[in-house]
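Notes follow once the structure below has been shown.
The values are calculated or read from the model by the stated rules, or taken from the named source; none is laboratory data. Treat the numbers as computed from the prediction; the structure is a model and nothing was measured. In this analysis, Cβ positions are derived from the backbone assuming ideal geometry, glycine residues included, and neighbour counts consider all displayed protein chains.
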């Protein structure tokens, strides 16, 4: 029997803005198994990013329970939650989000900065993952000296350097050309095959080909309707 | 890779902003260091300068005396058993237990004479000693100088044996000019110089050489008083007075603290002003740090969001901000120390009217660095807390 990596139970999220209430998530219940790769699709404002930030232990839900690897993350204190993010999650943000004044090597080492490993160990771990994403020869470069695809690889290397069991990616191919986007998706697929659970928010239906499951979001809810998913994929491909 | 390197790299990236921040600290620390340097130099200078403020001890002939009070009025002093001060007492001062603190000794004899057709007070002095002790005395007119030549410095002039120096009021009352002849007790004297008006009783006096006046008054070797300039940093003038009393049993020494007090008051006023000024400058420096740090935090919202998202605790963020502030402020403290020391060295003599060099006070270096660091950390506390409290979801625009 497979184990559950992410368990969402009746998750609701309401934002209050200028006296108005906006329901970003309306009772989302979802299980994602360990080793799964799931893409979340949906139109802008459908609640995909909110869902990702809640799973990413960055944004407490208004109600509902979320467990990652059996840990009720919002019962943890702020600081413990930061530790949790460091140990359990690898984030790949939209537009790479690399630190501009750090080299590729230093950017990858960032999640290790606050761990108790030796400097030598940190350097070696970062070098190893950069090698793995094909950037062994560009480690000393600053982000602005790298192409979009290379920056994305650095961002992925940063997400996996700490060997987290879960990768959360937000539009990882959004600012890449098709060829580079495909290469990045192959990298995600490879990571998933190595045992990592991958959850990816994407607008690009082509990316769903690399994932084992696709979830559709509509108006803050999961849409179980297969047609919805297929039409979204076909619409986007047109 | 550690938090220190993150802070250092960020400083390198924001050179201009960080230089501006450091400049604020440099100016703040430099002001404090300069003020402290100048105050210290003023204290040191006090000993050297005391002679310029006149005598601070007067030795008078010893007397036994009584004051008679009638109601609220003092009717008169009843003095008896008046002793004599003589020229022989001068060497005793220089061999006293307090000799090392004695700067200038100016003996004088005061007496009433008939000048022209009026009664006047004449003071016998040793001119160089007297006028060195009272540098505010200056000549308005001097006899025997060429057209266009300026009057000489009194402290460097000798009054001729048959010459007189008149106070401004005395010259006016006696209706004499420099070069005129004036009969004193039927002996002819030439008016060698006339003093500038001082606005004090001294304007009405006639000055001549001490030995001449002693002869004139028929009181050879006798003195009315001896004015002494004495000062030491480590002992109060009262102790000097006691030393002089011991050396001169026939005299009584009256300590005059006014001169030292006046200078000390000047130093106190400068200190108060300097400290207030330093306070204002430090406050401005703190505000510069605060605003620069806040603007830096605002620019780095997303970056801080990333740090938080990948597992940096709030305390790590605070550490980064404080480390940046500390690195800048240590440099600022060192630069401020040197700038303040140089300012004191070159501007201090003009600002505080100090003669001589203001030495570098190395012992201020560490306090300067601590002041700069303390100020920067204090002013960075709010920006650091603000950064730590940033909502990572909001910073990364998930919301």
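Worth pointing out:
- Residue satisfying all of: in region A:82-94; part of a helix (DSSP H, G or I) and buried (at least 21 other Cβ atoms within 10 Å of the Cβ); nearest to the other protein chains (Cβ to nearest Cβ) among these: A:86
Each row is one residue, and each column tells you yes or no for (1) assigned to a helix (DSSP H, G or I); (2) assigned by TED's automatic domain parsing to the domain that holds residue B:378; (3) modelled with pLDDT under 75; (4) closer than 28 Å to residue B:128 by Cβ.
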site: B:229; (1), (2), (3), (4): no, no, no, yes
site: B:234; (1), (2), (3), (4): no, no, yes, no
site: B:284; (1), (2), (3), (4): yes, yes, no, no
site: B:289; (1), (2), (3), (4): yes, yes, no, no
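- Matching residues in region B:338-363 - criterion: being more than 9 Å from residue B:37 (Cα to Cα) and either at pLDDT 80 or above or in a helix (DSSP H, G or I) (or both): B:338, B:339, B:342, B:343, B:346, B:347, B:349, B:350, B:351, B:362, B:363
- If the condition is being within 9 Å of chain B (Cβ to nearest Cβ) and not in a loop (DSSP other than H, G, I, E, B), then region A:37-79 contributes A:49, A:50, A:52, A:53, A:54, A:78, A:79.
- For region A:95-105, the count of residues that are within 22 Å of residue A:195 (Cα to Cα), in contact (Cβ under 8 Å) with a residue 60 or more places away in the chain and either within 13 Å of the chain's Cα centre (by Cα) or away from chain B (no Cβ under 11 Å) (or both) is zero.
- Here residue A:184 meets each of (1) surrounded by 21 or more Cβ atoms within 10 Å (Cβ to Cβ); (2) within 14 Å of the chain's Cα centre (by Cα); (3) touching a residue at least 40 places away in the same chain (Cβ under 8 Å) with one exception, condition (3).
- Counted residues, region A:127-156 - those being within 16 Å of residue A:91 (Cα to Cα) and outside any helix (DSSP H, G or I): 1
- Scan of region A:106-143 for residues that are at the interface with chain B (Cβ under 10 Å from one of its Cβ atoms) and crowded, with 17+ Cβ neighbours inside 10 Å, ordered by number: A:106, A:107, A:108, A:109, A:110, A:111, A:112, A:113, A:114, A:122, A:123, A:126
- Summed over region B:112-143, residues that are free of Cβ contacts under 8 Å to residues at least 40 places away in the same chain, surrounded by fewer than 17 Cβ atoms within 10 Å (Cβ to Cβ) and closer than 16 Å to residue B:192 by Cβ total 1.
- Yes/no for residue A:162 being crowded, with 19+ Cβ neighbours inside 10 Å and either within 13 Å of chain B (Cβ to nearest Cβ) or in a strand (DSSP E or B) (or both): yes
- Selection of region B:312-345 for residues being within 14 Å of chain A (Cβ to nearest Cβ) and in contact (Cβ under 8 Å) with a residue 24 or more places away in the chain yields B:314, B:315, B:316, B:317, B:318, B:319, B:320, B:323, B:324.
- With respect to the conditions (1) closer than 30 Å to residue B:230 by Cβ; (2) at pLDDT 90 or above; (3) surrounded by fewer than 20 Cβ atoms within 10 Å (Cβ to Cβ), residue B:172 lacks only one, and its number is (1).
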